[in-house]
1. In segment 81-98, which residues are of a type in the set (Ser, Thr, Tyr) and in contact with a strand residue (DSSP E or B) (Cβ under 8 Å, 6 or more places away or on another chain)?
2. Name the residues in segment 63-76 that are within 14 Å of the ligand (Cβ to nearest atom) and either in contact with a strand residue (DSSP E or B) (Cβ under 8 Å, 6 or more places away or on another chain) or in contact (Cβ under 8 Å) with a residue 12 or more places away in the chain (or both), would you?
3. Give me a count of the residues in segment 15-38 that are out of contact with any Ser or Thr (no Cβ under 8 Å at 6 or more places or on another chain), assigned to a strand (DSSP E or B), among the hydrophobic types (A, V, I, L, M, F, W, C) and surrounded by 13 or more Cβ atoms within 10 Å (Cβ to Cβ).
4. I'd like the residue in segment 104-119 that is loosely packed, with under 15 Cβ neighbours inside 10 Å and more than 30 Å from ASP27 (Cβ to Cβ) and, out of all such residues, is farthest from the ligand (Cβ to nearest atom).
5. I'm trying to understand the selection: among the residues of segment 88-103, which are within 12 Å of the ligand (Cβ to nearest atom), farther than 19 Å from PHE37 by Cβ and out of contact with any Gly (no Cβ under 8 Å at 6 or more places or on another chain)?
6. Give all pairs with beta carbons closer than 6 Å in which a residue from segment 23-43 that is closer than 12 Å to VAL57 by Cβ meets a residue that is surrounded by 17 or more Cβ atoms within 10 Å (Cβ to Cβ) and of a type in the set (Val, Ile, Thr); count only pairs at least 6 apart in sequence or on separate chains.
Amino acid sequence: MTRMSSVCFGRQMRAATMPELALGRLDELKEYDCREFSIGAGDWPFRGFVVRKGNQVFAYENVCRHVGHPLNLTPDKFLSRDGQSIVCASHGALYEIDSGVCFAGPCQGKALQKVACEIRDGVIYVTARA
Ligand code: FES
C-alpha cells in the first residue's frame, strides 16, 4: 500500500464504533478547497469539513466555538476572502487552518474540534462519532 505524504490530524485512535467515511481523492481538492461531510443519519448527524493546504488536509467539526452555529452558510465555503483562515459566517470569528485556533473574533483563544483524518492511497478518510 502506498501512502501519500499528506498529514491529517485529530483524534488518532479510531474506535471500532466510529465509522470511517471516504471523502474522495486528494487530487480532486485544489489548494484551499473545502469539502463538507456528515456521518450518521437522522436529524443530528455529525457534520464536519476538510480543508486542503498544500499536501495536508485538516478536518474539523462544523461547529463554531462562539455559540455553536455551523461555520458556513454556503456549501463547502469555510474560508475568509483571502483564503488564509477559516471564518464563521455568523459573527466573523477567524480560525487558523492548521490548528483550528480562533485568533480573532468573539471566541478568540478557543479551538475548533479536530476530526481524525488520514490519506491512504490518495483517498481522504475521516472518522467521527455518528
Ligand atoms: S457563532 Fe461563530 S462567531 Fe458567533
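1. Passing the criteria: SER85, TYR95.
2. Hits for segment 63-76 are VAL63, CYS64, ARG65, HIS66, VAL67, HIS69, PRO70, LEU71, ASN72, LEU73.
3. Total meeting the criteria: 3.
4. Among those that are loosely packed, with under 15 Cβ neighbours inside 10 Å and more than 30 Å from ASP27 (Cβ to Cβ), it is GLY109.
5. SER90
6. So the pair list comes out as LEU23/ILE124; LEU26/ILE119; LEU26/ILE124; CYS34/VAL51; ARG35/VAL50.
Matching residues to (1) at pLDDT 95 or above; (2) surrounded by 15 or more Cβ atoms within 10 Å (Cβ to Cβ); (3) more than 25 Å from ARG129 (Cα to Cα); (4) under 12 Å from the mean Cα position of the chain (by Cα):
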| position | (1), (2), (3), (4) |
| --- | --- |
| MET1 | no, no, yes, no |
| GLY42 | no, no, no, no |
| GLY54 | no, no, yes, no |
| ALA59 | yes, yes, no, yes |
| ILE97 | yes, yes, no, yes |
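The values are calculated or read from the model by the stated rules, or taken from the named source; none is laboratory data. None of the values given here were measured: they were computed from a predicted structure. Quick reminder, even Gly has a Cβ in these numbers, built from the backbone with ideal geometry, and neighbours come from all protein chains shown.
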